[in-house]
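Just so it is clear, none of the values below were taken in a lab; they were calculated from the coordinates. Keep in mind it's a predicted model, so treat the numbers as computed, not measured. All Cβ positions, even for glycine, are placed from backbone atoms using ideal geometry, and neighbour counts span all protein chains on display.
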Amino acid sequence: MQGESGQDLALTLWNPDRCLRSVSPEVARYSRGFLRCRPEKWFPGFAMQWLPLAHSLGIEIKLCEAKPVEQAPRRWACAFAGTVDGEPLGLALEEEGAEVLLEAVLPSAAPRSRQIVLEYLARRFLSSMAISWSGPESSLVQFEPDLDANQIREVGAIKVVVSINGAQSTVWILLGRVLVDRLDGLWRRQLQSTSRHNSEDARVQVEFAHLTVPPSLLADYLKPGTTVDLETPVSDTVMVVCEGRPFLPARLCRLGDCFGVETIAAPLPVFQLPAGTTRLSIELGQADWNGVFAREMSQPGAVYDTGIRLGDRVGMVVNGEQVAEALLRTYQGHFVVSVI
């Protein structure tokens, strides 16, 4: 659809405040570091520390998952505290997970015995972390019986799922600001050391869609009042483009009153420019990324704050130059733009 005016069309406003999910500043801050890290890589011998206990009890213990998360659920059956170099750390179990552990280690135990067993396992968990830590700095890890885990100002958590005789139990490791920042920086430094990108800036564009237009028709597409069908279904997905080629699939989100871009795991399309046509792209905006930042953004789930205020204005760009401005609208499930 490409017409002189959108007045006769049933165009619908595109409202990013209602169409896009909100991402908190904390999630955006740690989305390229802590929330993308792989804790099991820093504790390679953790599971081995539990083999003697499993053998003596005749049970099978298997580490299933270790995943950083924004926050642990607050429905704990029990929680214990420790410190890492003086910084508080919590270990929490939900009711179901605690029952799985107790049933395997000491079934039908009295309440007092159950508490002793859980505290022993928490102490052993912390000592296993200390022994298996392979990071660049050694740390002093201590169990703190007088510290209330509920008082820890949790900024992030690590979800650890273990299988015990086939039943799963989840341990939540609660982390404060200092420990989260420490792991965040460590992961980013590791990414930087393995980055294949050069350190020079690269100009990237956040693109809703692009059209291939014969040069003779380009002026018609850019005429104020014209409505152009982008032939793209309405969604929050966008493409980060670099040097005219797809670079990262992403989706838009809201960071306060600005647009954010979150990288997603999806195959990259192939841009094909038929002979005798010009590429007309519809862009939210452009930015300069260096090689390190590009490597961080290549992780699915990484978030970039564009600094662009929420709104419905987009740029129409040819060969890197904005040639018109338009309003983003929807029509029968497709994105369209109304040139202004």
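Take the Cα gyration tensor of the range 31-194, multiply each eigenvalue by 5, square-root it, and list the three semi-axes largest first, rounded to whole angstrom.
Whole-Å semi-axes of the equivalent ellipsoid: 26, 18, 14.
So how long is each side of the chain along the principal axes, counting just the alpha-carbon atoms, biggest first, in Å?
Computed over the chain, the largest-to-smallest principal extents equal 82, 43, 33 Å.
Once each part is reduced to its C-alpha centroid, what is the distance from the range 208-282 to the range 95-128 in angstrom?
Using only Cα atoms, the two centres lie 55 Å from each other.
What's the FRET efficiency of ASP201 with GLN71 using the Cβ-Cβ distance as r and R₀ = 45 Å, to the nearest 0.05?
Calculated transfer efficiency: 0.80.
Kindly write out, for the range 315-329 in residue order, the coupling ³J(HN,Hα) from the Karplus curve 6.51 cos²θ - 1.76 cosθ + 1.60 (θ = phi - 60°), rounded to whole Hz, with x marking Gly and Pro.
Using θ = phi - 60°, the values come out as x, 9, 10, 10, 6, x, 10, 6, 10, 6, 10, 9, 9, 7, 10 Hz.
What nm distance separates the two modelled labels at ARG177 and ASP85, each placed 7 Å from Cα along Cα→Cβ?
The answer from the label model is 1.7 nm.
How far apart, in nm, are the 7 Å Cα→Cβ label points at ASP146 and ASN319?
For the pair ASP146/ASN319, the computed spacing is 7.5 nm.
Using 0.36 nm per residue, how much length does the chain from LEU63 to ARG21 gain when fully extended, once their Cα-Cα distance is taken away?
Numbers: separation 42, 0.36 × 42 = 15.12 nm, distance 3.27 nm.
Length gained between LEU63 and ARG21: 11.9 nm.
What's the FRET efficiency of LEU11 with SER216 using the Cβ-Cβ distance as r and R₀ = 25 Å, to the nearest 0.05? Show your work: numbers first, answer last.
Details: r = 27 Å, r/R0 = 1.07.
Here the calculated transfer efficiency is 0.40.
Within the chain, which complete DSSP H helices have Cα atoms spanning at least 20 Å along the helix axis and a mean Kyte-Doolittle hydropathy of 0.0 or higher?
Helices passing the filter in the chain: 111-132.
Subtract the Cα-Cα distance of HIS334 and GLU96 from 0.36 nm times their separation in residues, and report this length gain in nm to one decimal.
On the way: separation 238, 0.36 × 238 = 85.68 nm, distance 4.63 nm.
Residue separation times 0.36 nm, minus the Cα-Cα distance, leaves 81.0 nm.
Within straight cross-link reach of LYS41, meaning Cα distance under 20 Å, which aspartates and glutamates are found once same-chain residues fewer than 8 apart are removed?
Counting by Cα, and skipping residues close in sequence, LYS41 has these aspartates and glutamates nearby: GLU65, GLU70, GLU137, ASP181, ASP184, GLU296.
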